[in-house]
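Contents: one structure, followed by commentary.
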Amino acid sequence: MGMRKKRMAGCEVKPASRLATSRDGLDPLLPGLPGWDEKQSRFFEIVTLAMPGLEESAARIARAFPVGETSACAIALSSATTGAGFERWPGMRDEIATGHPVAVALSKATEDERYPVACDDTVRALSAVAGFQVSGQVCSIDGVTVPAGRSQLKFLVHARWRALFHPMARVQEIYAGNPVYDRVMTTDHIQRQLWGFGVFEFVGYLDAILSKSPELFVALWLRRWEDLDRLTSQAGSQGGPCLSEIFGTPVLLTLKTGDRDSFLAPWAIMSEIERIVEIANQMRARRGITSAAVRARVAAYRTIDDLMADESEIGKHIRGLLLSSRFVHHTMNGSNQAFADTDLLARLKSSVACSDALQKSFRRVECPNGEAPALLMNGLDLAHFMPASLHQIWLGLADQTGPQDCRQILRDTVKRIKREMWLSIVILANICPPTAQSLTAKLMRKVPVQLAAGEKRKYVKIVRNEPGWLIVYPTAMILTDGAYDADRHDGPAIMAFVKAKFVKQAERIEDLLLTLPDSFKNILKKNVTSAIDSASRIGKPGWTRGAYHRAWFEPEAEVEFLRKCSNFILYDEKLDNVAKGFDYLSGPAAQRSSGKFVPQPKRRLPLAHPLENVQQIFRRQFHDLQIPEIIPSAEVQQQADRKFAILQQAARRFAAWSPTNFDPGLAERIGSLPAGGKGKPKFAWALSKSEISHSKDWSWQRDWDSCGRI
């Protein structure tokens, strides 16, 4: 204890790398301590480079815990880490502050000459909220633009959730009283069938709250969960009126979990859509990073210093692969390794060579130039990530919605997943048109057949990069069921509008409308499996990485899980047998020789317990996180507060775009659950006794669809 107190008081420690700091007060988490060897120092230096913001978070935690302070620092840290300048990662469930991508987009939208005039009554109501400022027609709270009136609200909602609209939609014409225009240029009709409401209803929901409670509206608009929790915790309880009656909002959802969750669920769902779109934009920005480029760049490195000096986008991505499962748990790559554990470059090359997702033949949708993308999120490429995320949003509602919502939300799996695909293509058309084009070309490929006299073509040829693609395909996706189903009475008016607005593409759109209802038949199982396998079920460790709206209500959901991970574990024979028996072999399909399978020499799981392996690498850091809870001491309390703050920072980034989530090893579990367990919440990750056996060959389950891969 004495040594710890001396170090925390500011004793200078000689850094082992240019990334280590000497007087940050949190030196047990940084290299350069007694007992560190060159391997640990170099590896930690690379890890810090691979995880942007890690060093800054450590410094912030250190500043929040000066000597002599106790648990009040942990509370203060929550607000200290959400201010301007906070190093955030794409896809974090965080508050919108100055510099946040959403704040930047809102500020840019106000520069449009079409930005509406502010409503004077709303400006006066917002002026009572702390942090209010007004400049001309632009109002802001703490530097972030907020709408003043319904016209500005509609304009800024369009700016924030632009991906949910037709690429050619005009903000001044949507929701302006023309139902035909809204049916063609918005995706509200599809959204209502997936989660019970569309953007139009969401605008009405926000507008009602803005008129009744500007403080609550600001909390929703800026995603301030602490304020939302405070403002809605007591309302609607003890037999009083429900929240929708108090704030005059339409009832968009009725959930079994209570009035408060029902009231806030629309906000959480739209915030989750905003989060997955941000991640998709991150993947689009780096779409030039392909598996072939990664393999070539890694092969060109001669020393680990070459990687350290590589500041290109692909070099930064490869540094992130040093946190991949096949690098950290190198026993997954086979036992015949001709290099030492300390040879980081050799371990990197081995992990890249053994990662299925970085090989040419791995299942994914290829780029338009025919190359295979290397960027994955939770094991999914961009083309699969979007529909899987939309399916997870539905999964988050499936067990909570009551009979009132069954009238809108589809329960039929085939119909619902088709609509998820149509909406995904519209979203991707706004984010990355080449990916949307590749997806349609792959999944809608139909060979035109010879037509008999007078017969109308049922299937049309899908052409990638055809002229007017951004008009033809999104329009067809939005209208594919409307003109023949729920909006049949508006069918003639809709088609007349399409012919008048899109004169050159109208005939092509009409042809596609005959094809789409029968398209995507081969991806239903893929989509469900990808959604289930890419994230744990709600409430299980790691579930917040999925697109579940409930994660917004539980910002510290993973803290307990991470706390357990930061405690040392001891050798357990049963767990060791599971790891060895779960001989989940990967690689090409096993070859038959004399009627027997000959497995490839690499595994799905490491021989050693994964957590134990990581703790061996970071033993020094884990050791300083151990807390003797039975000793009543102010210093122990401070150590516990510091540990909680560290775990809180980790939980904030758990679902974000990071090396732990774009690990190519995560792709190997997609569609590879034991037979009979797919899609079943209670058994999706369970192992039966027969499955815990040594050298069991499950490689035949790798190609989990009848086509092998797409």
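The values are calculated or read from the model by the stated rules, or taken from the named source; none is laboratory data. A quick note: this is a predicted structure, and the numbers were derived from the prediction, not measured. Ligands, DNA and RNA are excluded from the accessible area calculation, which covers all protein heavy atoms including side chains. Shrake-Rupley method; radii C 1.70, N 1.55, O 1.52, S 1.80 Å.
In segment 212-347, the alpha-carbon atoms span a convex hull of 203 Å³ per residue. Size check on segment 150-194: the Cα extents along the three principal axes, sorted descending, read 27, 21, 19 Å. The residues of segment 266-418 present an accessible area of 35 Å² per residue when probed at 1.4 Å with all protein chains retained. With the largest listed first and rounded to whole Å, the semi-axes of the equivalent ellipsoid of segment 310-441 from the Cα gyration tensor are 37, 19, 12.
Nonpolar atom fraction for segment 278-436, defined as the carbon and sulfur part of the 1.4 Å probe accessible area, stands at 51 percent. Mean projection of the Cα convex hull over all viewing directions, computed for segment 126-272: 9.4 nm².
In this view, the solvent-accessible surface of Cys119, computed with a 1.4 Å probe and all protein chains in place, comes to about 50 Å².
Only protein atoms count toward the accessible area here, which uses a 1.4 Å probe; on segment 127-169, the carbon and sulfur part of that area reaches 50 percent. Ligands, DNA and RNA are left out, and with a 1.4 angstrom probe the accessible area of segment 113-257 is 40 Å² per residue. Beyond 14 Å, the tail of the calculated P(r) for segment 354-394 holds 47 percent of the Cα pairs.
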